[in-house]
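Encoded as structure tokens, the structure appears first; notes follow it.
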Amino acid sequence: LGVIAIDVSAMESLLEAVGPLQLSDYDETITHENLFERAVTHAEQSFFAGSQAKKSFLTSLTNELFNKIFFLPKPNWPGIVQSLGKSLESKHISLFFDNPKLFSYLVSEGWSGALPRVAEGKGEYADFLAPVEANLGANKANYYLDRRYDLETVVGKDGEIRHRLKITYTNRSPSDVWPAGKYKNRMRIYLPFGTKLERVLWGETDITKDATSFVDFGRSGVSMLLELEPKPVKTL
């Protein structure tokens with residue numbers, strides 16, 4: 001038994017590989033270009049508490065997608081495999097299986113969505129940095145975000161290690177109208193245990209005093225609230 005979690009980006013990539021889907025239940029053609037808009041429309045159309053509209057639409061979409069994949073000729077499979085591999089590596093697909101050996105393999109490949117365990121001694125996870133975002137804005141603004149990551153590392157003459165992480169955000173939301181709008185992000189950054197935070201800048205504003213330290217999963221971390229209006233480019 002297991003669970004496969006697929007987000008909209010992974011679905012768009014798969015649709016680009018397999019081609020449009022005809023959903024007879026909705027009399028609609030779904031492509032990688034209109035998937036997000038149609039999913040949002042069905043989620044909000046005649047919405048009420050307990051509504052199953054979004055679930056029904058995504059279930060119909062997923063069933064049709066896998067039916068099409070199953071019957072595709074062999075020449076189409078390299079594109080599908082490439083799409084799946086890209087989505088796994090970029091964490092748009094996460095996997096869980098209750099078979100311990102299989103799940104250990106997924107963890108070793110970074111496909112489970114789990115934070116790596118704190119390394120004992122030396123190893124690739126001994127120096128660990130992971131930004132984790134949560135959209136608190138009750139909208140879909142993160143769909144419209146572009147991010148660029150830059151990490152500068154300097155090893156001093158006495159062995160001290162200093163990092164400077166820069167994350168540049170572009171909010172491509174066309175307006176404040178739902179599902180776009182302001183991106184309200186509860187940012188958490190996981191760091192090696194004992195890391196000392198020197199400074200936090202959001203754009204040109206020093207928000208170091210607003211950053212909260214925490215310890216979790218055997219690591220140090222820092223948490224802060226960031227807000228980005230539609231259109232601007234801003235760097236953390």
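The values are calculated or read from the model by the stated rules, or taken from the named source; none is laboratory data. Because the structure is predicted, anything quoted here is derived from the model rather than measured. Because the Cβ atoms are built from the backbone with ideal geometry, glycine has one as well, and the counts that use them run over all protein chains shown. Ligands, DNA and RNA are excluded from the accessible area calculation, which covers all protein heavy atoms including side chains. Shrake-Rupley method; radii C 1.70, N 1.55, O 1.52, S 1.80 Å.
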If each of Lys74 and Arg164 carries a label point 7 Å out from its Cα toward its Cβ, how far apart are those two points in nm? 5.5 nm
I need the calculated FRET efficiency for the pair Thr41 and Arg148, taking r as the beta carbon distance and R₀ as 30 Å, to the nearest 0.05. 0.45
Nearest-10 value in Å² for the accessible area of Asp150, using the 1.4 Å probe: 60 Å²
Would you mind telling me which residue in Asp27, Asp206, Asp176 has the biggest mean-square fluctuation in a Gaussian network model of the chain, where springs connect alpha carbons within a distance under 10 angstrom? Asp27
Residue by residue through region 103-108, what is 3J(HN,Hα) from phi via Karplus (6.51 cos²θ - 1.76 cosθ + 1.60, θ = phi - 60°)? Round to whole Hz and write x for glycine and proline. 5, 4, 5, 4, 5, 5
Lysines within cross-link reach of Lys140: Cα-Cα under 26 Å, excluding same-chain residues under 8 positions apart? Lys54, Lys55, Lys86, Lys91, Lys166, Lys182, Lys184, Lys231, Lys234
With an 8 Å cut-off on Cα pairs and a minimum separation of 6 or more residues, tell me the relative contact order of region 76-202 in percent. 23 percent
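So if I average 1/r over every pair of distinct C-alpha atoms in the chain and take the inverse, what Kirkwood radius in Å does that give? Mind showing how you got there, number by number?
On the way: mean 1/r = 0.0482 Å⁻¹.
One over the average 1/r among Cα pairs gives 20.8 Å for the chain.
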Probe 1.4 Å, accessible area per residue of region 117-236, Å²: 66 Å²
From phi via Karplus (6.51, -1.76, 1.60), per-residue ³J(HN,Hα) for region 148-153 in Hz, x at Gly/Pro: 10, 10, 9, 10, 9, 10
Relative contact order of the chain, please, whole-number percent, based on alpha carbon pairs below 8 angstrom and at least 6 residues apart. 16 percent
I need the calculated FRET efficiency for the pair Trp178 and Leu58, taking r as the beta carbon distance and R₀ as 25 Å, to the nearest 0.05. 0.85
5 angstrom amide H check on Ile93, placed H, neighbours 5+ away: Leu88
Value of [θ]222 nm, deg cm²/dmol, for the chain, DSSP H segments ≥ 4, -39500 (n - 2.57) each, nearest 500: -8500 deg cm²/dmol
Quick one: pull the percent of accessible area on region 59-186 belonging to carbon and sulfur, 1.4 Å probe, ligands and nucleic acids left out. 56 percent
